[in-house]
Amino acid sequence: MTDSDAAEVAPNDSSAQAPSGGEGRRGRDPDCLFCRIVADEIAATKVHEDESIVGIRDIAPRAPTHVLFMPREHIPSATDLTVADGPLLGRLFSVAADFARSEGIADNGYRIVANVGRWGGQTVEHLHFHLLGGRSMSWPPG
Ligand code: AMP
Ligand code: ZN
């Protein structure tokens, strides 16, 4: 690895931080549906909750298991993620994998999807990953 490569990925490089300050410092948007669910201002069926991640059952499930995993902090979409969000994402995927095992869908396989923007089909602008399982999935998605 060259010095310039190292500079690109160095976790302490200030250029790797989100403009708003990186993990844990983006706060909440009072008008955001998922921020309000995270804050228990709007009811949802929570399947997981820790200091940085919340998981809820999707209100309109597209598969026998359909859960959304999201950061507590308001990150609008995957396009806003930076290198500094690596630990947050690692935790989120680990939580999702544990949940899939506990739900009994892990052995057959499942899908994790993040829709981004209008053409990507994103309807809620707070980063979330759909975990879909309990049935066979087709490819490519519509
Ligand atoms: P996306 O369209 O990728 O942004 O995903 C948003 C998801 O949030 C959709 O699958 C919706 O069914 C789901 N959703 C919307 N409102 C709620 C809610 N109040 N509780 C749980 N899931 C919701
Ligand atoms: Zn939000």
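Within the stretch 87-103, the only residue that satisfies the criterion of being under 15 Å from residue 47 (Cβ atoms), free of Cβ contacts under 8 Å to residues at least 12 places away in the same chain and hydrophobic (A, V, I, L, M, F, W, C) is 97.
Of everything in the stretch 28-47 that is touching a residue at least 24 places away in the same chain (Cβ under 8 Å) and of a type outside the set (Val, Ile, Thr), the residue that is farthest from ligand 1 (Cβ to nearest atom) is 28. Residue 91 meets all of the listed conditions (1) under 12 Å from the mean Cα position of the chain (by Cα); (2) more than 11 Å from ligand 1 (Cβ to nearest atom); (3) surrounded by fewer than 16 Cβ atoms within 10 Å (Cβ to Cβ) but one, namely (3). Being touching a Pro at 6+ places or on another chain (Cβ under 9 Å) and either loosely packed, with under 12 Cβ neighbours inside 10 Å or under 15 Å from residue 80 (Cα atoms) (or both) is the filter here, so list the residues in the stretch 125-134 that pass it. Within the stretch 125-134, 125, 126, 127, 128 meet the criteria. Every condition in (1) over 22 Å from residue 52 (Cβ atoms); (2) surrounded by 14 or more Cβ atoms within 10 Å (Cβ to Cβ) holds for residue 83 except the one numbered (1). Count of the stretch 57-70 residues, restricted to those that are under 16 Å from residue 111 (Cα atoms) and near ligand 1 (Cβ under 10 Å from one of its atoms), is 8.
Scanning the stretch 1-56 for residues that are at pLDDT 50 or above and among the charged types (D, E, K, R) gives 25, 26, 28, 29, 31, 36, 40, 41, 46, 49, 50, 51.
The stretch 37-142 holds strands (runs of 3 or more DSSP E) entirely within its bounds, and those carrying 3 or more residues that are within 16 Å of ligand 2 (Cβ to nearest atom) map to 53-57, 65-71. Within the stretch 104-124, the set of residues being farther than 21 Å from residue 90 by Cα and either in contact (Cβ under 8 Å) with a residue 12 or more places away in the chain or surrounded by 16 or more Cβ atoms within 10 Å (Cβ to Cβ) (or both) comprises 108, 117, 122, 124. Of the residues making up the stretch 46-75, those that are surrounded by fewer than 17 Cβ atoms within 10 Å (Cβ to Cβ) and either farther than 19 Å from residue 112 by Cβ or among the acidic types (Asp, Glu) (or both) are 49, 50, 51.
The values are calculated or read from the model by the stated rules, or taken from the named source; none is laboratory data. Quick caveat: nothing in here was measured; it's all calculated off a predicted structure. For neighbour counting, all protein chains shown are included, and Cβ atoms are generated from backbone atoms with ideal geometry for every residue, glycine included.
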